[in-house]
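One structure below.
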Amino acid sequence: MIYRYTDVPSLIQGDLKPDEAVCYRCGGYPVEFHHCLTGARKKASEWIGAWVWLCPKCHRWAHDSADGVKYLRGLRKECQDAFERSHSRREWMLLAHHNYMEE
């Protein structure tokens with residue numbers, strides 16, 4: 001069973017349910033829920049929609065390789081950009097505590 005942590009749509013992929021979603025990186029299936037903000041910011045990630053669907057292979061790659069870590073930084077920047085289209089930078093900073101646009 002594929003678990004979705006929140007009812008808030010993804011800022012990047014929209015309101016895709018697990019059975020209709022494909023991996024954001026490669027288009028593969030099945031998919032897993034990936035929080036774009038991590039650690040203490042995981043809940044904020046769910047509240048604002050800073051998440052994407054990734055297939056297990058891409059999900060592990062993103063966490064376990066240097067190239068994957070760079071990819072995750074890009075996802076965070078993409079989430080911030082999408083969030084700031086309808087919210088302020090101040091609101092982002094209150095939730096995410098980091099400005100990824102400056103990286």
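The values are calculated or read from the model by the stated rules, or taken from the named source; none is laboratory data. All of these numbers come straight from a predicted model, not from anything done at the bench. Backbone-built Cβ (ideal geometry, glycine too); neighbour counts: all protein chains shown. Protein only, heavy atoms only, side chains kept; ligands, DNA and RNA dropped before computing areas. Shrake-Rupley method; radii C 1.70, N 1.55, O 1.52, S 1.80 Å.
Rounded to the nearest Hz, the phi-derived 3J(HN,Hα) couplings of segment 75-80 under the Karplus curve 6.51 cos²θ - 1.76 cosθ + 1.60 (θ = phi - 60°) are 5, 4, 5, 4, 5, 4, where x marks glycine and proline. Net length available on complete extension from C26 to D7 is 4.5 nm, with 0.36 nm assigned per residue and the Cα-Cα distance removed.
Residue-wise HN-Hα couplings along segment 4-13, as the Karplus relation 6.51 cos²θ - 1.76 cosθ + 1.60 with θ = phi - 60° gives them from phi, are 10, 7, 8, 9, 7, x, 5, 4, 9, 9 Hz; Gly and Pro carry x.
Spherically averaged projected area of the convex hull of Cα atoms, segment 1-85: 5.2 nm².
Charge tally for A44 (other residues, Cβ to Cβ under 13 Å; Lys, Arg +1; Asp, Glu -1): +2.
As a fraction of the 1.4 Å probe accessible area of the chain, surface on carbon and sulfur atoms comes out at 52 percent. Solvent exposure of the chain amounts to 58 Å² per residue of accessible area, where only protein heavy atoms count and the probe is 1.4 Å. With every protein chain in place and a 1.4 angstrom probe, the accessible-area ranking of V22, V31, largest first, reads V22, V31.
In the complete set of protein chains, residue-level accessible area for Y29 is approximately 130 Å², probe 1.4 angstrom.
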